[in-house]
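**Q** Take this structure first; my questions come after.
What follows is calculated from the coordinates using simple rules that are stated; it is not laboratory data. All of these numbers come straight from a predicted model, not from anything done at the bench. Methodologically, a virtual Cβ is constructed for each residue, glycine included, from the backbone with ideal geometry; neighbour enumeration extends over all protein chains shown.
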Amino acid sequence: MQRLRNNDKCWCGSGAKFKRCHGDVRRLQRDPVELGSVSAERPVPEHITRPDYVAVGSVTTPTGLQIHDDESLERMRAACRVAAEVLLRTGAAVDVGVTTDELDAVAHDTYIELGAYPSTLHYGGARDYPKSICTSVNGVVCHGIPDSRPLRSGDIVNVDVTAFVEGMHGDTSATFCVGEVDEPTRGLVETTREATLRGIAAVSPGEPLRRIAEAIEPFAASRGYGVVKEYGGHGIGATFHATPHINHCITRGDTMPFEVGMTFTVEPMLTTGSGGYRQAADGWTEHVVDSMPTAQFEHTVLVTPEGREILTVTEDGRTAAGTLDELQLPA
Ligand code: MF3
Ligand code: CO
Ligand code: CO
């Protein structure tokens with residue numbers, strides 16, 4: 001994939017070299033994100049139904065393709081609406097001086113108010129995830145754990161929300177700007193938002209899964225950004241992470257066709273630097289090695305006979321990345 005180079009003209013049309021415009025490393029680079037302390041567990045009231053990995057301790061729901069009938073689709077829509085609402089309310093709380101733990105509190109209370117369980121809380125990996133959202137600041141690629149670090153002017157933060165309600169998971173994320181964010185970093189965020197929508201727009205029944213990556217990776221490269229290879233989207237429904245794995249980087253073998261009724265996520269992570277990353281000692285947080293900013297957006301998507309539908313939208317058509325009208329998927 002030919003990535004826009006430093007001495008090429010910037011993608012924005014300014015006429016300046018990329019390295020003096022949206023590719024300006026001196027403006028993009030941040031201090032490495034230091035880890036703060038993680039607060040005590042937030043309780044979930046008894047009446048909220050837990051997913052199996054919390055209640056039983058293991059995933060018992062089928063991990064194959066998540067294909068819906070009318071009845072399960074209604075429940076899936078409900079879970080996705082809740083996730084969208086939690087993301088909007090949590091995003092509205094992003095501000096200079098607010099800690100990511102305070103964002104977790106806003107999200108946690110909203111899930112509960114809406115009758116949902118925060119899917120990430122006690123989600124298993126090598127270690128149980130301890131919080132109700134992921135908050136990934138600047139050069140944290142994904143899975144940042146909310147903690148005591150206050151957001152600073154110039155930061156960007158991805159808030160990733162997954163709600164479990166009516167037996168279904170809905171998963172959505174957006175990257176928010178904190179205070180005054182420089183133009184090169186805004187360009188990364190806006191490009192990642194558009195890349196996600198382009199990937200979604202490429203979904204159509206009968207077409208191979210590869211279409212998503214074909215829409216995302218060359219677009220990101222034309223703007224000088226990389227796309228994280230190892231983390232992809234995933235089937236989602238009664239199971240949080242199910243098949244298929246959705247690659248955001250072009251993979252020849254991705255020939256499985258989209259099927260009407262399938263639900264999965266599209267959630268590309270775009271990088272401004274070399275793209276290499278390492279996991280922190282907490283067993284979750286993935287930091288880029290060069291502490292250059294990264295951004296991510298995510299939606300849960302349904303394959304329809306006509307094409308696709310974004311499910312992680314509020315009742316009145318809003319998302320953290322604009323209203324459904326404004327989301328006009330690129331052709
Ligand atoms: N919401 C993330 C995703 O998009 C998964 C987070 S799992 C956690 O798939 F345990 F790290 F929270
Ligand atoms: Co996801
Ligand atoms: Co997510």
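**Q** To the nearest 20 Debye, how big is the dipole of the chain about its Cα centre, given +1 on the beta carbon of each Lys and Arg and -1 on that of each Asp and Glu?
**A** Numbers: 30 positive and 46 negative charges, 305 e Å.
Dipole size: approximately 1460 debye.
**Q** Whole Å is fine, so just give me how far the alpha carbon centre of the stretch 100-145 lies from that of the stretch 276-331.
**A** With the stretch 100-145 and the stretch 276-331 each reduced to a Cα centre, they are spaced 15 Å.
**Q** Now for a different question. Can you find, among Y277, G224, I236, the residue sitting farthest towards the positive end of the charge dipole of the stretch 215-286, where Lys and Arg contribute +1 and Asp and Glu -1 at Cβ?
**A** Of the candidates, G224 comes out farthest on the positive side.
**Q** In a shell of Cβ-Cβ distance under 13 Å around L114, excluding L114 itself, what net charge do Lys and Arg (+1) and Asp and Glu (-1) give?
**A** Details: positive: R81, R89; negative: E85, D109, E113, E166, E315.
Surrounding charge for L114 is -3.
**Q** Moving to a separate point now. Which of P62, M292, S132 sits closest to the plus end of the dipole of the stretch 61-320, meaning its Cα is farthest towards the positive end, when Lys and Arg get +1 and Asp and Glu get -1 on the C-beta?
**A** M292
**Q** While we're on this one: Can you return the lysines within cross-link range of K17? Criterion is Cα-Cα under 18 Å, with same-chain partners fewer than 8 residues away left out.
**A** K9
**Q** Please give the net charge around D171, taking every other residue with its beta carbon less than 9 angstrom from that of D171, where Lys and Arg add +1 and Asp and Glu add -1. Present the calculation step by step, with values, prior to reporting the outcome.
**A** Values: positive: none; negative: D160, E267, E298.
Cβ neighbours under 9 Å give a net charge of -3.
**Q** Also, I was wondering about something else. Roughly how many whole Å is it from the C-alpha centroid of the stretch 153-182 to that of the stretch 207-262?
**A** Their Cα centres are 20 Å away from one another.
**Q** Can you put C249, C80, C10, C134 in order, fewest other beta carbons within 10 Å first?
**A** C249, C10, C134, C80
**Q** While we're here: Could you work out, for the stretch 1-158, what percent of all Cα-Cα pairs fall into each 10 Å distance bin, beginning at 0 Å and stopping at the bin that holds the largest distance?
**A** Reading the bins upward from 0: 9, 28, 28, 20, 12, 2.
**Q** Right, next: Express the relative contact order of the stretch 61-320 as a whole percentage, based on alpha carbon pairs under 8 Å and six or more residues apart in sequence. Write down the numbers at each step before the final one.
**A** On the way: 676 pairs, mean separation 65.2, N = 260.
Contact order relative to length: 25 percent.
**Q** Return the aspartates and glutamates within reach of K19: Cα separation strictly under 15 angstrom, same-chain partners fewer than 8 residues apart disregarded; answer none if there are no such residues.
**A** List returned: D8, D182, E183.
**Q** Read phi for every residue in the stretch 88-97 and hand back ³J(HN,Hα) as whole Hz from Karplus 6.51 cos²θ - 1.76 cosθ + 1.60, θ = phi - 60°, with x for Gly and Pro.
**A** Running phi through 6.51 cos²θ - 1.76 cosθ + 1.60 with θ = phi - 60° gives 4, 5, 6, x, 5, 8, 5, 6, 4, x Hz.
**Q** A further question on this structure: Rg/Rh for the stretch 61-320: what does it come to with C-alpha atoms and Rh from Kirkwood? The partial results should precede the final answer.
**A** Numbers: Rg = 17.0 Å, Rh = 18.0 Å.
On the Cα set of the stretch 61-320, Rg over Rh gives 0.94.
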